[in-house]
Structures are given as C-alpha cells and as structure tokens.
1. Considering VAL169, VAL140, VAL181, which residue is in a loop (DSSP other than H, G, I, E, B) and surrounded by 13 or more Cβ atoms within 10 Å (Cβ to Cβ)?
2. Just give me the residues in the stretch 123-137 being surrounded by 14 or more Cβ atoms within 10 Å (Cβ to Cβ) and modelled with pLDDT of 95 or more, in sequence order.
3. Looking at the stretch 118-129, can you tell me whether even one residue there is closer than 28 Å to LYS30 by Cβ and within 14 Å of the chain's Cα centre (by Cα)?
4. So in the stretch 27-41, with the set limited to residues that are in a loop (DSSP other than H, G, I, E, B) and either of a type in the set (Asp, Glu) or at pLDDT 95 or above (or both), which one is surrounded by the most Cβ atoms within 10 Å (Cβ to Cβ)?
5. Looking at the stretch 111-143, which of its residues are touching a residue at least 24 places away in the same chain (Cβ under 8 Å) and among the charged types (D, E, K, R)?
6. Would you tally the residues in the stretch 45-59 being of a type in the set (Asp, Glu) and either crowded, with 21+ Cβ neighbours inside 10 Å or over 16 Å from the mean Cα position of the chain (by Cα) (or both)?
7. Taking the stretch 158-197, which residues are assigned by TED's automatic domain parsing to the domain that holds LEU24 and either aromatic (Phe, Trp, Tyr) or out of contact with any strand residue (DSSP E or B) (no Cβ under 8 Å at 6 or more places or on another chain) (or both)?
8. Could you please find all residues in the stretch 101-119 being in contact with a strand residue (DSSP E or B) (Cβ under 6 Å, 6 or more places away or on another chain) and either closer than 21 Å to VAL55 by Cα or loosely packed, with under 15 Cβ neighbours inside 10 Å (or both)?
Amino acid sequence: MITVALAKGRLAQKSIELLEKCGLKLDELKVETRKLVLFDESGEYKFVFVKPSDVPTYIERGVADFGVVGKDTLLEADRDIYEMLDLKFGKCRMCVCGYPDSLKKAGGILRVGTKYEKITREYFGVQGKTVDIIKLNGSVELAPVMGLSDVIVDIVESGKTLEANGLTVLEEVCSCSARLVVNRVSLKTKKGLLELLETIKENID
C-alpha cells in the first residue's frame, strides 16, 4: 500500500483532481467526512489529511510515502525528503511587504513580522541586514499597520489584502507552487510509487 499525505484545503482538492486524471478512483475523498484517513477504490492507496506544515514531517518519518505541499512550507521546514515535481498549481509569491517607504525609514535593525522565520532570516542574511523577526501566526498584514513591525514577509496571491491596508510588495523573495515530495526510502523500495510518479508527471498541466 502507498500512503499519501495531503495538505488540507485547496491543495488537497487540486491534488485529488490530478490523481484522478492519473486513473485513481477517489470518490470517497470527495464526500464530506470527519475521517482523516481514507482509501481509493482499489484499496492500494491510503490518504491522510494533515496541516500543510505537517506534510514534510509525515514524509520524512516514513509515515507517508509521498505528499503534496507548497514550496513555502518546504523551504521553512527544511526536511530530509526528495522534492520531485512542481505540480504547477497553488502559485503565489513569497514577498517582503510594507508601506512604500518602509525599508527606507527603518533604522539599523529591521523589524519583520512573519510566520516564515527561517526563510526571513536567510533572505535578509544574504543581504547582510540585521533583522528583528517577530513570529506571527495570523493576519500578518496587521503588524506594520499597528506599528509592530516595519515590514512583513508573507505569501502574496492577489495582493488585495495588502492594497486594502495601504501596503505593497517591496521585494520578491521567491515564487512558490505546489510540490510533490517523496520519502527517500519509499522512492527506492516501492515500485508502484515510481510508476505513479511517471504518470503524474505526464498529467501535469
């Protein structure tokens, strides 16, 4: 049996659509339920639904053979797993955002609000900037509005929330999208997994 870890939400929905294109029968996964472990029609695939940040952990520990998660989560987690495919959906950008003059007005130490501590530290470290990272878990855009931080580092999709609060993209850190990741041992030992990966690759839009 091959176990698949999917991030709850839109990425899971898109992943299910892609796997159906590859021939898997996943009707059970599309029925509203509180179950966290589901199976395909053949019983050859087990699906677990977890928080995005937990997908790399399940893969690295071998509890799941492969999974789908955003590039931003992968960069932040830095786990010992294989990133095999860019699935081309869930596209967005990791950006430094703030008021248009935020970077110029900031003093010697730049205060940065973010939930991506590792990515932020590495990005500004390369630039030689000293940063005070303020760990936040929700409504990151509120930090510069309330004076908690000079700027934020966060995922930007449409940019509408930024615009509504007078903020803008100041710098782009990297582009992100959904990635297929695989457990190192599973890749070498499960023949069916290799075959499925080839089929997925052929069906990526």
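The values are calculated or read from the model by the stated rules, or taken from the named source; none is laboratory data. The model shown is predicted, which means the values in this text are computed figures rather than measured ones. Cβ: placed from backbone, ideal geometry, glycine included. Neighbour counts: every protein chain shown.
1. Numbers: VAL169 fails: in a loop (DSSP other than H, G, I, E, B); VAL181 fails: in a loop (DSSP other than H, G, I, E, B).
Exactly one residue qualifies, and that residue is VAL140.
2. From the stretch 123-137, those surrounded by 14 or more Cβ atoms within 10 Å (Cβ to Cβ) are 123-124, 129, 131, 133-134, 136; that's our starting set.
Listed by number, the residues that qualify are TYR123, PHE124, VAL131, ILE133, ILE134, LEU136.
3. So in the stretch 118-129, the residues closer than 28 Å to LYS30 by Cβ come out as none.
Among the residues of the stretch 118-129, not one is closer than 28 Å to LYS30 by Cβ and within 14 Å of the chain's Cα centre (by Cα), which makes the answer no.
4. Pass one, the stretch 27-41, residues in a loop (DSSP other than H, G, I, E, B): 31-36, 40-41.
Among the residues that remain, those that are also either of a type in the set (Asp, Glu) or at pLDDT 95 or above (or both) are: 32, 40-41.
Details: GLU32: 4, ASP40: 21, GLU41: 11.
Restricting to residues being in a loop (DSSP other than H, G, I, E, B) and either of a type in the set (Asp, Glu) or at pLDDT 95 or above (or both), the top hit is ASP40.
5. Listed by number, the residues that qualify are ARG111, LYS115, GLU117, LYS118, GLU141.
6. Our first condition is that a residue be of a type in the set (Asp, Glu); within the stretch 45-59, this holds for 54.
Narrowing further to those that are either crowded, with 21+ Cβ neighbours inside 10 Å or over 16 Å from the mean Cα position of the chain (by Cα) (or both): none.
The total comes to 0.
7. Across the stretch 158-197, the qualifying residues are VAL185, LYS188, THR189, LYS191, LEU194, GLU195.
8. Once the filter is applied, which keeps residues that are in contact with a strand residue (DSSP E or B) (Cβ under 6 Å, 6 or more places away or on another chain) and either closer than 21 Å to VAL55 by Cα or loosely packed, with under 15 Cβ neighbours inside 10 Å (or both), the stretch 101-119 yields ILE109, THR114, TYR116, GLU117.
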